[in-house]
Amino acid sequence: MNILILGGGGREHALAWAVMQNPKCDKLIVAPGNAGIAEIAECARLDIEDGGAVANFCDENAVEFVIIGPEAPLAAGVGDRLREAGLLVFGPSEAAARLEASKSFTKEICDAAGAPTAAYAHFTDPQAAKDHVARQGAPIVVKADGLAAGKGVIVAETVEAAQAAIDEMFGGAFGGAGAEVVIEEFMQGEEASFFVLCDGEEALPIGTAQDHKRIGEGDTGPNTGGMGAYSPAPVLTPEVAEKALNEIVKPTLAEMARRGTPYQGVLYAGLMIRDGQPRLVEYNVRFGDPECQVLMMRLGAQALDLMHAAAEGRLAEARVNWAEDHAMTVVMAAKGYPGAYEKGSVIKGLDGLPEDSFHMVFHAGTTETDGRITATGGRVLNVTARGASLREAADRAYAMVDRIDWPEGVFRRDIGWRAL
Ligand code: AMP
Ligand code: GLY
């Protein structure tokens, strides 16, 4: 099978790494890819949000199966264009991608499906939103309705902070994403991520993870896209996962199918768990980044068979082979991230690191120039390891981190602290 993966971050490097281990993969192209991906697969320049351009590329390169990594092409309907062109695609339609692209849509689906989630109200007018906040009090959560690159959520400790966030969103701080606002009850508990493959009807859980969103150790400082992750998530016990599947994910899939927009791809449910009861925080219609890196480390080559089965509607007969293992990824970011950071610093020490089914450095934001690897993104490397225990995975990951020579990089020493 000739396969194309769309995307160029650590998530796509991990997907490419798993796919390449499967003998069913004859040829792999990743667009746009990055310096790490270029070491294991062909990289191509391509506008991945232009469905017509991607379809032409597939035709010219005899691609048979396309795996869509990020949310933007999914929300732009690239999956639909490719399916119309007769390709096999892993990833939801534009209509089903609304589970990530519109927070009010997700809330409406949860209502219809009876899925436990935070109480909410939806506003198109700033004054009505502010009056609502004044009545509800704080803490309270203000969300831009649309896609805002992970930045459209404000957990407000005070009514004043919530009202300022409302002004900011309606004032255009998140562009069109903030033209509508969802205001939610603040949920307490522990957060974890639950990943389920879907083929329109069937749901197959493929793993759990927890990430660290804050830049600083002890979970302090500004929010980031994620500074590290580990799998499995201890808080998502088999009992809690079963509840999340039966009370949240399956009813959602049934409601999507009932509406004529069945969901196919990976559904990433962000959950808040308290006293053994999961509630939905949000859906994402793609793998998490960096959660994908720890899931791929644990699944390995079977990930391709599972994604292929989801795309072909064969999940009912698919099985996941679980090992009693743990994985951790430590994100190395450019100094200054998530604020302004410099690009172009040189990373050394990557060559001598182990690369096997227990150790892998996935690249998130790198470029190769004249044989040197340089940092070109905010999150730059995902140093990932697997072990029989989380402790072993952590020791292996940090042993690699300590061998990487990159003075301009920063990372957290405490990934997994809650579970360790
Ligand atoms: P989201 O983009 O919806 O995942 O929100 C980003 C983060 O905000 C989540 O990972 C939570 O930490 C937090 N958050 C979102 N909604 C709520 C809520 N209703 N209650 C508490 N925390 C929330
Ligand atoms: N790590 C969080 C996300 O991918 O949305």
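Quick look at the numbers
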read-out: Odd one out for Asp275, checked against (1) within 12 Å of ligand 1 (Cβ to nearest atom); (2) within 28 Å of Ser389 (Cα to Cα); (3) among the charged types (D, E, K, R); value: (1)
read-out: Candidate set: region 217-254, residues that are in a helix (DSSP H, G or I) and touching a Gly at 6+ places or on another chain (Cβ under 9 Å); chosen: the one farthest from Lys151 (Cα to Cα); value: Glu239
read-out: Members of region 70-121 that are among the small types (Gly, Ala, Ser) and more than 16 Å from ligand 1 (Cβ to nearest atom); value: Ala76, Gly77, Gly79, Ala85, Gly86, Gly91, Ser93, Ala95, Ala96, Ala112, Ala113, Gly114
read-out: Filtered residues of region 64-88 (kept if surrounded by 24 or more Cβ atoms within 10 Å (Cβ to Cβ) and either farther than 22 Å from Ala203 by Cβ or of a type in the set (Val, Ile, Thr) (or both)); value: Val66, Ile67, Ile68, Pro73, Val78, Leu82
read-out: Single match in Val330, Val320, Val346 (criterion: β-branched (Val, Ile, Thr) and within 27 Å of Gln264 (Cα to Cα)); value: Val320
read-out: Top-ranked residue of region 139-162 - restricted to ones that are surrounded by 17 or more Cβ atoms within 10 Å (Cβ to Cβ) and more than 22 Å from Gly175 (Cβ to Cβ), ranked as farthest from ligand 1 (Cβ to nearest atom); value: Val159
read-out: Region 119-160, residues that are within 30 Å of Gly339 (Cα to Cα) and assigned to a helix (DSSP H, G or I); value: Pro126, Ala129, Lys130, Val133, Val159, Glu160
read-out: Answer residue from region 204-235, given it is among the polar types (S, T, N, Q) and either within 13 Å of ligand 1 (Cβ to nearest atom) or surrounded by 19 or more Cβ atoms within 10 Å (Cβ to Cβ) (or both) and is farthest from Ala318 (Cα to Cα) among those; value: Asn223
read-out: Strands (runs of 3 or more DSSP E) enclosed by region 1-118 - at least 1 residues per element that are touching a Cys at 6+ places or on another chain (Cβ under 9 Å) and over 25 Å from Asn284 (Cβ atoms); value: 2-7
read-out: Residues of region 287-310 classified as within 16 Å of ligand 2 (Cβ to nearest atom) and buried (at least 24 other Cβ atoms within 10 Å of the Cβ), total; value: 10
read-out: Residue ID - nearest to ligand 2 (Cβ to nearest atom), chosen from residues in region 185-194 that are surrounded by fewer than 22 Cβ atoms within 10 Å (Cβ to Cβ) and in a strand (DSSP E or B); value: Glu191
read-out: Every pair of residues 6+ apart whose Cβ atoms lie under 9 Å, when the first sits in region 5-23 and is of a type in the set (Lys, Arg) while the second is more than 12 Å from ligand 2 (Cβ to nearest atom) and assigned to a helix (DSSP H, G or I); value: Arg11/Met296
read-out: Checking Lys151 against (1) away from ligand 2 (no atom under 16 Å from the Cβ); (2) among the charged types (D, E, K, R); (3) under 29 Å from Pro126 (Cβ atoms), the condition it does not meet; value: (1)
read-out: Qualifying position, being surrounded by fewer than 20 Cβ atoms within 10 Å (Cβ to Cβ), at pLDDT 95 or above and touching a strand residue (DSSP E or B) at 6+ places or on another chain (Cβ under 7 Å), among Gly416, Gly387, Gly336, Gly365; value: Gly387
read-out: Failed criterion for Arg258 (all others in (1) farther than 24 Å from Val153 by Cβ; (2) within 15 Å of ligand 2 (Cβ to nearest atom) hold); value: (2)
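Yes/no matrix, rows are residues, columns are (1) among the small types (Gly, Ala, Ser); (2) touching a His at 6+ places or on another chain (Cβ under 9 Å); (3) over 25 Å from Pro338 (Cβ atoms):
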{"residue": "Val196", "(1), (2), (3)": "no, no, yes"}
{"residue": "Ala203", "(1), (2), (3)": "yes, no, yes"}
{"residue": "Gln210", "(1), (2), (3)": "no, no, no"}
{"residue": "Pro222", "(1), (2), (3)": "no, no, no"}
{"residue": "Tyr230", "(1), (2), (3)": "no, yes, no"}
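The values are calculated or read from the model by the stated rules, or taken from the named source; none is laboratory data. Predicted, not measured: the structure shown is a model, and the values here were computed from it. In this analysis, Cβ positions are derived from the backbone assuming ideal geometry, glycine residues included, and neighbour counts consider all displayed protein chains.
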